[in-house]
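Each reported figure results from applying straightforward, stated rules to the coordinates on display, with no laboratory input. Please read all numbers here as calculations on a predicted model, not as lab measurements. Glycine gets a Cβ as well: all are built from the backbone with ideal geometry, and neighbour counts include every protein chain shown.
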Amino acid sequence: DGGITQSPKYLFRKEGQNVTLSCEQNLNHDAMYWYRQDPGQGLRLIYYSQIVNDFQKGDIAEGYSVSREKKESFPLTVTSAQKNPTAFYLCASKRDRHTGELFFGEGSRLTVL
Amino acid sequence: AQKITQTQPGMFVQEKEAVTLDCTYDTSDQSYGLFWYKQPSSGEMIFLIYQGSYDEQNATEGRYSLNFQKARKSANLVISASQLGDSAMYFCAMREGWSGGGYNKLIFGAGTRLAVHP
């Protein structure tokens, strides 16, 4: 079955360490997105990519980096420059080009100790 | 700037009753889209329903309907015949810009937590 796989599901890291969250999709979708969710809040856009080798900053890109070397993969690196990295991270791809509907992965929960 | 507002942090409903979750939006675009997503405690985001700004009829998907009032800039979700499995967070979202454009994206409201009581 087609879908989006995010890994790891849970991740614990020490402060000051870089962390990379994986996002892989086999849906043949062009556009992919990374959102951050804090407890009791909505989703905020970190980065998005419409095609391979191209990506755009979202509303809260500081302290994060991405790459899009393959259509299927859109990894997110949380760098030590991100002041408050503990959050739930959701990866998505654009399922419907007409409406813009996003299809989401199951998320990765990052806790920085 | 575009904005989505959900003013109800939490809602309670009795099983089998209908419930309305409020959403207002602000945009200067003529073409835009409105979505509702459900987020169970497991965390994944589940698409429920979509309304385009030029759609004349309110969208419906099974027990979900979207009460779209363009002049008031509201896009409320109505869930009929609530079930225990409807207990979750519900997010209203808006697509910025024309869907056929290049870099359109979704912006989300803060969400409403719905609890369905037996």
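Dipole magnitude of chain A about its Cα centre, charges +1 at Lys/Arg Cβ and -1 at Asp/Glu Cβ only, in debye to the nearest 20?
240
Which of the residue pairs A:LYS94/B:LYS105; A:LYS57/B:LYS38; A:LYS83/B:LYS3 have a Cα-Cα distance greater than 19 Å in the structure shown? Don't jump to the answer; show the numbers that get you there.
Details: A:LYS94/B:LYS105 9 Å; A:LYS57/B:LYS38 26 Å; A:LYS83/B:LYS3 25 Å.
Long pairs (Cα-Cα over 19 Å): A:LYS57/B:LYS38; A:LYS83/B:LYS3.
Note on A:ASP59 and B:LYS73: their simple-model spin labels are 1.5 nm apart, each label 7 Å out from Cα toward Cβ. Dividing the Cα radius of gyration of the stretch A:58-113 by its Kirkwood radius returns 1.01 for Rg/Rh.
At a 10 angstrom cut-off on C-beta neighbours, averaged per residue, how do the peptides B:55-66, B:33-44 rank from highest to lowest? Could the numbers behind the result be given before it?
On the way: B:55-66: 14.2, B:33-44: 19.3.
Per-residue mean Cβ counts within 10 Å order the peptides as B:33-44, B:55-66.
Averaged over the residues of B:44-51, the number of partner chain Cβ atoms lying within 10 Å of the residue Cβ comes to 4. Peptides B:112-118, A:107-113 ranked from most to least packed, by the mean per-residue count of other Cβ atoms within 10 Å: A:107-113, B:112-118.
Taking every alpha-carbon pair in the protein assembly as shown and binning the separations at 10 Å intervals from zero gives 8, 33, 35, 20, 4, 0 percent.
Site pair A:ALA81 and B:HIS117 shows an inter-label distance of 5.0 nm when each label is modelled 7 Å from Cα along Cα→Cβ. Set the Förster distance to 41 Å, then compute FRET efficiency between B:LYS16 and A:ASP1 from the Cβ-Cβ distance, nearest 0.05. With a Förster radius of 41 Å, E is 0.80. Taken about its Cα centre, the stretch A:60-107 carries a charge dipole of about 140 debye when Lys and Arg each add +1 at the Cβ and Asp and Glu each add -1 at the Cβ. In chain B the Cα-Cα distances spread across 5 Å bins starting at 0 as 2, 12, 23, 25, 19, 11, 6, 2, 0, 0 percent of all pairs. Take each residue in B:108-114, count the other chain C-beta atoms within 10 Å of its C-beta, and the mean is 3.
Which three semi-axes in whole Å describe the equivalent ellipsoid of chain A, each the square root of 5 times a Cα gyration tensor eigenvalue, listed largest first? Walk me through the intermediate numbers first.
Numbers: eigenvalues 101, 39, 36 Å².
Equivalent-ellipsoid dimensions as semi-axes: 22, 14, 13 Å.
Between B:ASP26 and B:ALA81, the simple label model (points 7 Å from Cα in the Cβ direction) yields a spacing of 3.9 nm. Contact order for the stretch B:8-82, expressed relative to its length and based on alpha carbon pairs under 8 Å spaced 6+ residues apart, stands at 38 percent. Since only A:ILE60, B:SER28, B:ASN76 are under comparison, the one whose Cα sits farthest along the positive direction of the charge dipole of the protein assembly as shown, derived from C-beta charges on Lys, Arg, Asp and Glu, is A:ILE60.
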